[in-house]
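Values in this text are rule-based calculations from the coordinates and carry no lab data. As the structure is a computational prediction, the values presented were derived from the model and not from experiment. Quick reminder, even Gly has a Cβ in these numbers, built from the backbone with ideal geometry, and neighbours come from all protein chains shown.
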Amino acid sequence: MSDMFGAINSAGSGLTVYRQWLDAISDNIANINTARPTSEAAFQQRWVEAAPTGQPGEAGSGVAVSGISLGDPQGRLVYDPQNPLADKNGYVRMPDIDLGEQMVQMIMAQRAYQANLAVIDRARDAYQQALQIGRQS
Amino acid sequence: MSIPAIGGIGAALTSTPPLTGPVGPSDATTTGTDFGKLLGHGLQSVQDAQTHTDQLAVQAATGDLTDVHDYMIASTQSTLMTELTVAVRNKAVEAFNDIMRMPL
């Protein structure tokens, strides 16, 4: 896009990043009870890595997801002999995800998404005000 | 009370070269961009923005849209660009009417 809407485009790239962060949190919460046998790796927590786009010292280029890193494959061993996946000692491997931490991250991602929406709103208002220059009422 | 901006305009007016009669758009000595070309360029980018918005609207209707905000941003941008085009067009018509109303 053109440089005319630099603020809107930067905030839009932020929205994409925070949407992906929310996707990752949703994935983590959905898999929080996914048990695996001890012979396999546990579900690994997803972490979204963000990085600024564009050159240093340049404004209006935004942010992008640079990668997804994964949490601990060891998980935690839980004694659950009733589970059909349990080994001979009665243990299964559960993902090492803290639900409270995920909820906190979800609030952060949601608030940041809202902040970017507010930037787009203000930028649009500013551009519309600029169009009023020289207009006789 | 003196307003520095108005003084600045006065300085700019005095430094403007004197008018030397009408100069056609085909004159090779003309520097800067032709208004018609500028307008054509602007209209082309408005057209592009609206095509992009239309594509996203089709994606939203078919369920292929991954980012809702992309569609809303594209729609906002094409609305703003159209408003800007209309504002420029109104100013151009206004200028033309002012010239036509000039008492000779």
Treating only Lys and Arg (+1) and Asp and Glu (-1) as charged, each at its beta carbon, one finds that chain A has a dipole about its Cα centre, in Debye to the nearest 20, of 300 debye
Can you put A:47, A:21 in order, fewest other beta carbons within 10 Å first? A:47, A:21
Can you work out the Karplus-derived ³J(HN,Hα) for every residue in the range B:45-56? Use 6.51 cos²θ - 1.76 cosθ + 1.60 with θ = phi - 60°, whole Hz, and x for glycine or proline. 6, 5, 4, 4, 4, 6, 4, 4, 4, 4, 4, 5
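Could you put B:75, A:39, A:69 in order, starting from the residue whose Cβ has the fewest other Cβ atoms within 10 Å? Walk me through the numbers before you get to the answer.
Values: B:75 17, A:39 8, A:69 11.
Neighbour counts put them in this order, fewest first: A:39, A:69, B:75.
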Among A:128, A:74, A:54, the residue whose Cα sits farthest towards the positive end of the charge dipole of the range A:45-137 (+1 at Cβ of Lys and Arg, -1 at Cβ of Asp and Glu, taken about the Cα centre) is A:128
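For the residues B:69, B:41, what sequence is obtained by ranking on other C-beta atoms within 10 Å, fewest first?
Working: B:69 19, B:41 12.
Final ranking by Cβ density, sparse to dense: B:41, B:69.
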Compute the long axis of helix A:99-130 from its Cα atoms, compare it with the longest principal axis of the Cα atoms of chain A, and write down the angle in degrees, 0 to 90, nearest 10. 10 degrees
Over what distance in Å are the Cα centres of the range A:111-125 and the range B:56-104 separated? 21 Å
To the nearest 10 degrees, the tilt of helix A:6-30 (Cα long axis) against the first principal axis of the alpha carbons of chain A is 20 degrees
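Quick check: residue separation of residue A:96 and residue A:77 times 0.36 nm, minus the Cα distance between them. What number comes out in nm? It would help to have the intermediate numbers written out before the result.
Details: separation 19, 0.36 × 19 = 6.84 nm, distance 0.94 nm.
Once the chain is fully extended between residue A:96 and residue A:77, it gains 5.9 nm.
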Once phi is turned into ³J(HN,Hα) by the Karplus curve 6.51 cos²θ - 1.76 cosθ + 1.60 with θ = phi - 60°, what whole-Hz value does each residue of the range A:83-97 show in order, with x for glycine and proline? 5, x, 8, 5, 7, 5, 8, x, 9, 10, 9, 9, x, 8, 10
